[in-house]
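The values are calculated or read from the model by the stated rules, or taken from the named source; none is laboratory data. These numbers were taken from a predicted model, which means no experiment stands behind them. In this analysis, Cβ positions are derived from the backbone assuming ideal geometry, glycine residues included, and neighbour counts consider all displayed protein chains. Just the protein is used for accessible areas: all its heavy atoms, side chains included, with ligands, DNA and RNA removed. Shrake-Rupley method; radii C 1.70, N 1.55, O 1.52, S 1.80 Å.
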Amino acid sequence: MKVLQMNDELKIAGKNYQSRLLVGTGKYRDFAETRAAIDASGAQIVTVAIRRTNIGQHANEPSLLDFLPLEEFTYLPNTAGCYSAEEAVRTLRLARELLDGHKLVKLEVLGDPNTLYPNVIETIAAAKTLVQEGFDVMVYTSDDPIIAKQLEEIGCCAVMPLASLIRSGMGILNPWNLQIIIENAKIPVLVDAGVGCASDAAIAMELGCAGVLMNTAIASAKNPVLMASAMKKAIEAGRESFLAGRMPKKLYSASPSSPTTGMISGA
Amino acid sequence: MQITINGHLKSFECDKMTIAELVTYMNLTGKRIAIECNGEIIARSQYEFTQLSQHDALEIVGAVGGG
């Protein structure tokens, strides 16, 4: 009997991925640790930021690309740190040129430097422009079901609501909203931000998320490589649990699991 | 010629330079970068044909670790 469902792959913008865990590449001690953690996570899609090149001084300094070759991973350039649609679009146009016409991008437009809460108005404006320009947009947003639906209608290829605030590690604070977003969506819904530990990732997958994107939960763990491995298992366990379909919850049950007949006498 | 590169004003003794020449001069040959000149992205294939002018503002970017 086959236990695992065959071909249960994550499909984003026409491409299939075996891993439903997407990871960031920031905040590791060094590139070797970044690589080791990403290997342990099994992730195939990795997010990167677009930043000014260090001019002049360190021509032969190793770069992220040396440790995470483009041939091995799908790069997902992000717009981290952008506070307007204009900045975000400009960043991703540069990313497309940088990565030889690569179209898959992560759009995030922030609204507040303290909470890093997304600015959904700017996000929607940027998404419209990017979709028109042919980008495949995976979009970070709040857990508002109406906004999530609007981003889908604009033509985003995946919608990525927060579980809780970026870098908070607070886990899934509003599973009910996530459930509404998932039920209404025809595109993959991934939780992005707020996951703190492996059980959070499993819960996201049990809710029916297509995947989870995380960075800090792995990079800021005491042992990032071990946490990456835990996250891989949690994503797989949560997915299988979701597909298997949980038993109904009951306050109590009068029918035990063991037979009520054939008891030894006199016991 | 003075050019602003990534927010820093740089002076060059020449008065004519292509982007390709600048890339070589800055030891960025072979590096994966993208360049914007005065807000317009310059395709890599156009570096050798794009002349820089006095007061041009360049952004030279790459991919770095991020979440």
Response to the item:
A correct Karplus calculation of ³J(HN,Hα) over segment B:52-66, with 6.51 cos²θ - 1.76 cosθ + 1.60, θ = phi - 60°, whole Hz and x for Gly and Pro, returns 8, 10, 3, 6, 4, 10, 10, 10, 10, 10, x, 8, 10, x, x
Worksheet, complete the sentence: Partner shielding of B:52-63, as the mean number of partner chain Cβ atoms within 10 Å, equals 4
Practice prompt. Return the value, in Å² to the nearest 100, of accessible area buried between chains A and B (probe 1.4 Å, both sides summed).
Written response: 2400
Item to complete: Work out from phi, with θ = phi - 60° and the Karplus expression 6.51 cos²θ - 1.76 cosθ + 1.60, the ³J(HN,Hα) of each residue of segment A:7-12, listed in order in whole Hz, and give x for Gly and Pro.
Response: 6, 7, 10, 7, 10, 10
Practice prompt. Using θ = phi - 60° and the Karplus relation 6.51 cos²θ - 1.76 cosθ + 1.60, list the HN-Hα couplings for segment A:141-154 in order, rounded to whole Hz, with x at every Gly or Pro.
Written response: 8, 6, 8, 7, x, 6, 5, 4, 5, 4, 5, 5, 5, 5
Worksheet, complete the sentence: The long-range amide H neighbours of A:GLY24, using H built 1.01 Å from N in the peptide plane and a cut-off of under 5 Å, are A:THR47, A:MET214, A:ASN215
Worksheet item: Is there a pair in A:LYS186/A:LYS249; A:LYS15/A:LYS106; A:LYS11/A:LYS103; A:LYS106/A:LYS128 whose C-alpha atoms are over 21 Å apart, and which pairs would that be?
Response: A:LYS186/A:LYS249
Worksheet item: Averaged over A:207-218, how many beta carbons belonging to a partner chain fall within 10 Å of each residue's beta carbon?
Response: 1
Item to complete: Provide the gained length on full extension for the span A:MET170 to A:GLU87, in nm with one decimal, where the gain is 0.36 nm per separating residue minus the Cα-Cα distance.
Response: 27.0 nm
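From Cα pairs below 8 angstrom and at least 6 apart in sequence, can you work out the relative contact order of chain A, rounded to a whole percent? List each step's numbers first, then the result.
On the way: 484 pairs, mean separation 46.9, N = 267.
Dividing the mean separation by the residue count of chain A yields 18 percent.
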Fill in: Candidates A:GLY101, A:GLY194, A:GLY208, ranked by Gaussian network fluctuation over chain A, Cα under 10 Å, top entry
A:GLY101
